[in-house]
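Have a look at the structure below before the remarks.
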Amino acid sequence: MYRLKMDGLFGGVQTQYGNNKPKSLHKTRRTWLPNIQAVSLYSAALDTMLRINVTARVLRTIDKKGGLDRYLLATKDKNIGSEFGIRLKQRLQRAIARQQQQQEQQEQQQQQRQGGSP
């Protein structure tokens, strides 16, 4: 039996179960699996390519939002649908905060240099 691994971005989609019901009315149990694709997505904040399993629906949403970083930052944790996605979002937020802190330090150093020399 196929089990959905939680190491990707699935947007809350899971394996669904139901019955085939042909003309003979003999019900046959079956499953519908999500359309999972393994894709490489670029993260500007992390400056790396990430190999991630995503559903086709999430991939369309990433395109609509303008990239992986914007998708993760704009999406609520409960709608990301996987522990992997939430951890990736937290990692992204830490990287952005670190970049902003470095930029502020550089600006302060430049101001000190300009103010210090007449």
Scanning region 37-85 residue by residue, those within 10 Å of GLY8 (Cβ to Cβ), assigned to a helix (DSSP H, G or I) and either among the β-branched types (Val, Ile, Thr) or touching a Phe, Trp or Tyr at 6+ places or on another chain (Cβ under 7 Å) (or both) turn out to be VAL58
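Every residue, every condition in (1) over 27 Å from ARG94 (Cβ atoms); (2) among the basic types (Lys, Arg), yes or no:
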position	(1), (2)
THR15	yes, no
SER40	no, no
SER43	no, no
LYS65	no, yes
LEU68	no, no
Per the filter on region 37-73, residues surrounded by fewer than 18 Cβ atoms within 10 Å (Cβ to Cβ), touching a residue at least 12 places away in the same chain (Cβ under 8 Å) and closer than 17 Å to GLN99 by Cβ are TYR42, ALA44, LEU46, GLY67, LEU73
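Each reported figure results from applying straightforward, stated rules to the coordinates on display, with no laboratory input. Quantities reported herein were computed from a predicted structural model and do not represent experimental measurements. With ideal geometry, Cβ positions are generated from the backbone for all residues, glycine too; neighbour counts draw on all protein chains shown.
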